[in-house]
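One structure is given below, encoded as structure tokens.
The values are calculated or read from the model by the stated rules, or taken from the named source; none is laboratory data. Treat the numbers as computed from the prediction; the structure is a model and nothing was measured. Counting neighbours? That spans all protein chains shown, and the Cβs are built from the backbone with ideal geometry, glycine included.
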Amino acid sequence: MTVTDTHGAIDAVWRIESARIIAGVARLVRDVGLAEELAQDALVAALEQWPESGVPKNPGAWLMAIAKRRAIDLIRRKETYQRKLAEMGHELEIDGESVEDDVDSILADTIEDDLLRLVFTACHPVLSTEARTALTLRLLGGLKTDEIARAFLVPEATISQRIVRAKKNLAKAGVPFELPPTAELSERVASVLEVIYLIYNEGYSATAGDDWMRPALCDEAIRLGRILAGLMPAEPEVHGLTALMELQASRAAARTGPDGEPVLLMEQDRSRWDRLLIRRGLAALDVAWGLEGTPGPYLLQAAIAACHARAVTPEDTDWARIAGLYGVLAQVSPSPVIELNRAVAVSMAFSPGHGLEIVDALLDEPSLKNYHLLPSVRGDFLYKLGRLDEARAEFERAATLTRNERERTLLRTRAAAC
């Protein structure tokens, strides 16, 4: 294997294993920032040694062992060594071939619990949404700072500052590296799901830039969702979010035309929808429905996405059921955006006039003042009602509000069609 091949293998292993390594070390040092530094030290060791020695049989365990050795060495140099060593219970032997020989004991070291602790720490409510998002992609996604910056179209220095500040704020607030108590679990799970779905949405419908979608972010969010579903199998909203993302992602290939232009849902070639993702999404939805508890917002949105996924043609869509589900969703999680989506479903189930009544009631909503989809949806209803001059004005206004160039072009095209 060439040096280039070895470095490629190291990159792949790091992307897959970095979260578990950071989590395992964080349990020892109780500081996610320090844990990441120690994990990075292990990565440097791999870059130095593997080109000559070759990639180990279990590279993840090798990296974990090296990182934990660095953690133990660090603890040895502190006054609290004896107390920390007692908490750890035993010391790892990783000289020579012992790294390979001791793989089972290394991996059996409550790694899944550690990973879940890392999830809750990175998404702790003490951090801003932007900080939680950047830290989650860094610690759990294994993304480099420049990759995160490119994904969100912001300077690399901005992302770097967010990550550094996030680590400092966690340390300053004394956030423990532990699972939240039962009384806080629901709120903390909601914080985690919010971050994952925010990452997904930025990939599914980019808020700015020249691209309609950023698939890498969607893929990363789905991966995180699947990890969380494995760690928290009894949480229906976790499975609901995974189902929602997979069902929406199944349309990815059909959402853009030959030149990258957006293709709206009702105009998509459904033969291009990914049937494997649909099956996975529907299976996750079935798991969510089978668990105890009141359906939450992600589960209800997944049920709506399932209505689209099951429709072979646009005409087969059960819009009445979708409108009903949006009605329930509006009660569970009241939001002007949800009400706007309900208006679309009502217009399809009954008439554009019924949808327009709902939208007009939202015109004075402060949170939608600069939301481009409000005039976009209203323009669509007016167009279908034959009120073309009004529709054109709404599409033109929507075009001025969006920051995505592909979407702006689409809206101007619709305005011209009026």
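In this structure, is R138 of a type in the set (D, E, K, R), surrounded by fewer than 21 Cβ atoms within 10 Å (Cβ to Cβ) and not assigned by TED's automatic domain parsing to the domain that holds R30? Spell out how you get there, then give the answer.
Values: of a type in the set (D, E, K, R): yes; surrounded by fewer than 21 Cβ atoms within 10 Å (Cβ to Cβ): no; not assigned by TED's automatic domain parsing to the domain that holds R30: yes.
Considered against the rule, which asks whether it is of a type in the set (D, E, K, R), surrounded by fewer than 21 Cβ atoms within 10 Å (Cβ to Cβ) and not assigned by TED's automatic domain parsing to the domain that holds R30, R138 comes out as no.
Could you list, in sequence order, all residues of region 289-320 that are part of a loop (DSSP other than H, G, I, E, B) and surrounded by fewer than 14 Cβ atoms within 10 Å (Cβ to Cβ)?
E292, G293, T294, V312, T313
Within region 140-180, can you find the residues that are closer than 18 Å to D114 by Cβ and free of Cβ contacts under 8 Å to residues at least 60 places away in the same chain?
Quick first cut of region 140-180, residues closer than 18 Å to D114 by Cβ only: 140-142, 167, 170, 175-180.
V175 - this is the single residue of region 140-180 that is closer than 18 Å to D114 by Cβ and free of Cβ contacts under 8 Å to residues at least 60 places away in the same chain.
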Only one of (1) within 23 Å of A252 (Cα to Cα); (2) in a helix (DSSP H, G or I); (3) of a type outside the set (D, E); (4) modelled with pLDDT under 90 is not met by H239, so which one is it?
(4)
I'm trying to understand the selection: among the residues of region 197-224, which are at pLDDT 80 or above and more than 19 Å from E147 (Cβ to Cβ)?
Y197
Condition (residue is free of Cβ contacts under 8 Å to residues at least 12 places away in the same chain, surrounded by fewer than 15 Cβ atoms within 10 Å (Cβ to Cβ) and within 21 Å of L264 (Cβ to Cβ)) applied to region 351-371: is it met by at least one residue?
yes
Residues of region 353-367 being in contact with a Leu (Cβ under 9 Å, 6 or more places away or on another chain) and more than 20 Å from I304 (Cβ to Cβ), in sequence order, are G353, L356, L363, E365
Taking the condition of being under 28 Å from P258 (Cβ atoms), buried (at least 19 other Cβ atoms within 10 Å of the Cβ) and either in contact (Cβ under 8 Å) with a residue 60 or more places away in the chain or among the hydrophobic types (A, V, I, L, M, F, W, C) (or both), how many residues in region 274-288 meet it?
2
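Output the residues belonging to region 298-312 that are touching a helix residue (DSSP H, G or I) at 6+ places or on another chain (Cβ under 6 Å) and not aliphatic (A, V, I, L, M).
Of all residues in region 298-312, those touching a helix residue (DSSP H, G or I) at 6+ places or on another chain (Cβ under 6 Å) come to 298-307, 309.
Once the filter is applied, which keeps residues that are touching a helix residue (DSSP H, G or I) at 6+ places or on another chain (Cβ under 6 Å) and not aliphatic (A, V, I, L, M), region 298-312 yields Y298, Q301, C307.
Between R406, R387, which is without any contact (Cβ under 8 Å) to a residue 12 or more places away in the chain and crowded, with 16+ Cβ neighbours inside 10 Å? Please lay out each step first, then the result.
Numbers: R406 fails: without any contact (Cβ under 8 Å) to a residue 12 or more places away in the chain.
After applying the criteria, what remains is R387.
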Extreme residue, farthest from the chain's Cα centre (by Cα), among residues of region 243-264 that are more than 22 Å from N404 (Cβ to Cβ) and in contact (Cβ under 8 Å) with a residue 60 or more places away in the chain
L247
Here are A42, A86, A71: which of them is hydrophobic (A, V, I, L, M, F, W, C) and at pLDDT 90 or above?
A42
